[in-house]
């Protein structure tokens, strides 16, 4: 039989061997950052991460996990993009709302500064714009096949949700096109 102190020391060492997540101070749940770090190694081509504004709807589709971050939107987006960049098997394709470029400062104070910050953050990244309602419906459709992570922020600026479509990080769009072209040419023989 092990002495009590040795047994306690072994228990502590065993607990340290298992990964843990930083808990949210209020709920005991993992922080949104911990969830992102946990999910990214499992995510791949087809998964979606939404950095949502405060009015983004909670989706009833089973494949969607929504977490309220209690964090400014640009800060969440910057953190998620940095985490994706660390996962070499992933490449982000970012979609923003078509409507965002038409929102006026008088209707949404702070929108110009947000657009400027977003532009800087997305510089050099693959991105496009789509109507926001179409992007939301597409996220629900995506969740029928792939997991979708929605990180809801405190942003009260309209049309600021950002949709990060995860792509294969080690297979470029150019390589995909060459492959598909070769397959089409082979089929026509």
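The values are calculated or read from the model by the stated rules, or taken from the named source; none is laboratory data. Just so it is clear, the structure is predicted and the values come from calculations on it, not from any experiment. No Cβ is skipped: glycine too gets one built from the backbone with ideal geometry, and neighbour counts run over all protein chains shown.
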Subject >> Number of the exception - residue 147 against (1) over 18 Å from residue 54 (Cα atoms); (2) touching a residue at least 24 places away in the same chain (Cβ under 8 Å); (3) out of contact with any helix residue (DSSP H, G or I) (no Cβ under 9 Å at 6 or more places or on another chain) >> reply: (3)
Subject >> Condition met for residue 159 (touching a helix residue (DSSP H, G or I) at 6+ places or on another chain (Cβ under 9 Å), under 19 Å from residue 60 (Cα atoms) and at pLDDT 95 or above) >> reply: no
Original post:
Within the stretch 74-93, can you find the residues that are crowded, with 17+ Cβ neighbours inside 10 Å and either within 19 Å of residue 113 (Cα to Cα) or at pLDDT below 95 (or both)?
Top reply: 74, 76, 77, 79
Original post:
Looking only at residues in the stretch 104-128 that are free of Cβ contacts under 8 Å to residues at least 12 places away in the same chain and surrounded by 12 or more Cβ atoms within 10 Å (Cβ to Cβ), which one is nearest to residue 75 (Cα to Cα)?
Top reply: 113
